[in-house]
Structure formats: structure tokens, C-alpha cells
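Inspection log for the structure reproduced underneath, given as C-alpha cells.
The values are calculated or read from the model by the stated rules, or taken from the named source; none is laboratory data. These numbers were taken from a predicted model, which means no experiment stands behind them. Methodologically, a virtual Cβ is constructed for each residue, glycine included, from the backbone with ideal geometry; neighbour enumeration extends over all protein chains shown.
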Amino acid sequence: MSVKIGLVWDAVGSVQAGRGLLDFARGQGLDAFLVFDHLINVFPRQVWDAELTPLAEAMPEPDQCLDFATVLGNFAPHAGPMQLIVAVTDPGRRHPAVLAQTALTLAQFTERAPVLGIGAGAFENLVPYGLPHDRQVERTEETLQILRMFFEGVGPHDFRGKHFTLDQALMGLRAPEGRTPEVWVGANGPRMLKLTGRYADGWVPSELVEPAEYGRRWGIVRDAAEAADRDPDAIVAAGGVPIVVADTDAEAHKLLQTKLIRYMALHASAASWRKLGYEHPFGPGYQGLKEMLPHKLTRAEFDRAMSDIPDEVVAAQAIVGSRETVLNRIGDLIDAGMRHPMLIPMSALASPDAANYTVETVAWLGTQLRATAAVGA
């Protein structure tokens, strides 16, 4: 059994800090380095102050979101054998031809094929900028079809869709041998899961779910691949894995009282809250981070929503516990089919000491998970 380990950086703020994480990940022998792609941070600037987090002193403006393509191009000479990933960008902001050109350009600098993660698009990156946010699954499917055309041949390519049109379009840029960009899809719902099976090289769900649910969704991806005469075993089963870790389970759960960590519960959908027996403060139809507009959240709305967050919901947003507990729970996801956990060091938000311990834990987890996979091979 082959298991690969990645580290996630939000690509906000200091480029030097991101480079430091990249160097750390490479030094620990991790397999991948993943960056997010946002125009607006998930944390509302209206409440970004010392009362919310000590991070505000070092970074008074939370919306310093870096362009993923420029960052990964800068990081590529330092990545070595690690795979560079963006997860996820979207076709609402970038035409499929531009996405293809970006990924093929990045492939000129990397040792391994880069990963272009595609999602339907979060409202925070679309609505404030007047970009389309309707019929997102249709737009995503057309994007995946066009990317396949551009990655597989120069063209000319013709395409007639509801959202995109190609008229004798060319893509003369080619990736070096063995480095054709991979396309991973950020999918949670059934329609996007089926698109993943039909078109993608990898699946990278944006929400943490229990192993049984991960396995169920992975089954949808695999069934769709088989129906499209594709090999489901060739698709990478990945996933973002937020971790909140400390010396003991009890100490890790204390970190859940940190405001920034508690706030992550508001990114979960109303349906996720209902499964735990609670009503979401943003209403019964709220779809979670996909439709959150953090820049419009007033302090009063923020305070009211934060006062309504149950501890159980906070705990469901990450794997919480000691190193051994976190290792075992990631192992459960691997048993359910995950082969490429991407570690999100969420407990680093709690304090500088917690950040140091979390980063050390990432190294420890990488060693342990590789050893476990080798034994199970």
C-alpha cells in the first residue's frame, strides 16, 4: 500500500514563511506541498485584531492572499522531488485556457508533475468581484473537458459549451516528458464526485468527514470512473486533514477554545451541524465555506454566531488529540481509501508554542504513516 503525505499552506502573508514551511516539508521527506487559492481570507478583517488572535500583531491585514501561480513558480526550484499542488482554483476567475497555460508553465520548473486542483468556486472569490457563480458544476465540467484537450494535444481545438467556446484554439506549450500536469477535483457532493471519476487524476475533498463517509464518497468516484472506462485505481484519493494536536487528548481539546479554531465551525454547512443535532447560526440552508462572504460579516454577526457554536461541532472540524490519537484517526481514513492525506496544521493558530508543536508533529506523522504503509504493503 502506497501512502503519500503532504503539507498545506494557506498562501497568505509572508512568502518567506511559506518558503520556510516548504523547506521544512522537503527536509522531512514529505511528498507534496499544497497551497490554497483565495482572493479574500476566510477570516473576516472586521474582527481581525489582538482580541481575536495574537497573529494580528504580526499581520494586521488578513487579506494578504498571494497568487498561487506566482508562489508555486517561485517555490519550484526549492521543492525538489515534492509535488506542488494548488487546491483548489476555479474557472470563475480563470478561463480553462489560462489554467492550462499556467499549469504547463509550472511544469517547466518542477521535478514532478504539478497538480492543478479545480473546484466549483467559493463565493468569497467570485461575488465581490462580479464573477459568475451560477451553474458552477456545469462550468466545472466544461473546464475539465477543455483541460484534457489542451494537455493531450496542441490542437487546434473546437468546443461549444454553455459557458466556454473554443474556435480553432491552440495550446502549443507542452510539459516536459513525465510532467504533464495532473488535474485533481475538489468534490464533496454527488455531481462533483461523478465528474471526478469521469475526468480527474485525483480527488481532494474540501471537508473532513468520518471514514465511513469518506469511503462512501470514494465509492461514487470509483463507480463513475468505471462507467467512463477509466481505471479507478489510477485516481489519487487525497484529502485535506486539519489536525489539532497537543501532548494529551485533553490538552488538544482545550485548544478548541481558541477563537480562530472555533470560527472554523462556521465553515461547516448547516447539514453538517444537523447531523450533530444542532442548527447553524447562519440558517438551515447554509452551504458552508462555499457561500460564506467573510468581508460582509459584521462584528455583531460574528459575535452572535460565535456564541452559538457547540464544542462538539468545533471538534468535528479537525482530527483532535495527542499524536497517537491523530495518527490512529488518520489511519482510519487510510483504511477507508485515502492514500494522500494533506495535513493542515490547524492547532498552529492557537499560539506560537502550539505552532511549534504542531509542525514537529507533522514531521512525526510523516515518519509514522510511511512506516505503517510500508508494513501494510
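Structure notes:
- Number of the exception - residue 149 against (1) outside any helix (DSSP H, G or I); (2) closer than 22 Å to residue 69 by Cβ; (3) without any contact (Cβ under 8 Å) to a residue 40 or more places away in the chain; (4) of a type in the set (A, V, I, L, M, F, W, C): (1)
- Subset of region 15-41 [part of a loop (DSSP other than H, G, I, E, B) and touching a Leu at 6+ places or on another chain (Cβ under 7 Å)]: 30
- Matching entry among 11, 103 (being in contact with a Cys (Cβ under 9 Å, 6 or more places away or on another chain) and among the small types (Gly, Ala, Ser)): 11
- Subset of region 113-148 [among the hydrophobic types (A, V, I, L, M, F, W, C) and surrounded by fewer than 21 Cβ atoms within 10 Å (Cβ to Cβ)]: 113, 123, 126, 127, 131, 137, 144
- Any pair with Cβ under 9 angstrom, 6 or more apart, that starts in region 93-122 at a residue that is closer than 17 Å to residue 171 by Cα and touching a residue at least 40 places away in the same chain (Cβ under 8 Å) and ends at one that is among the acidic types (Asp, Glu) and assigned to a strand (DSSP E or B): 103/182; 116/182
- Near pairs, Cβ below 7 angstrom, 6+ apart or cross-chain, from region 169-181 (of a type in the set (Lys, Arg)) to any residue that is surrounded by 14 or more Cβ atoms within 10 Å (Cβ to Cβ) and in a loop (DSSP other than H, G, I, E, B): 179/107; 179/110; 179/112; 179/113
- Every residue from region 99-130 that is assigned to a helix (DSSP H, G or I) and aromatic (Phe, Trp, Tyr): 123, 129
- The single condition from (1) in contact with a Pro (Cβ under 8 Å, 6 or more places away or on another chain); (2) part of a helix (DSSP H, G or I) that residue 325 fails is (1).
- Scanning region 229-241 for residues that are farther than 17 Å from residue 182 by Cβ and either surrounded by fewer than 19 Cβ atoms within 10 Å (Cβ to Cβ) or at pLDDT below 95 (or both) turns up just one, 229.
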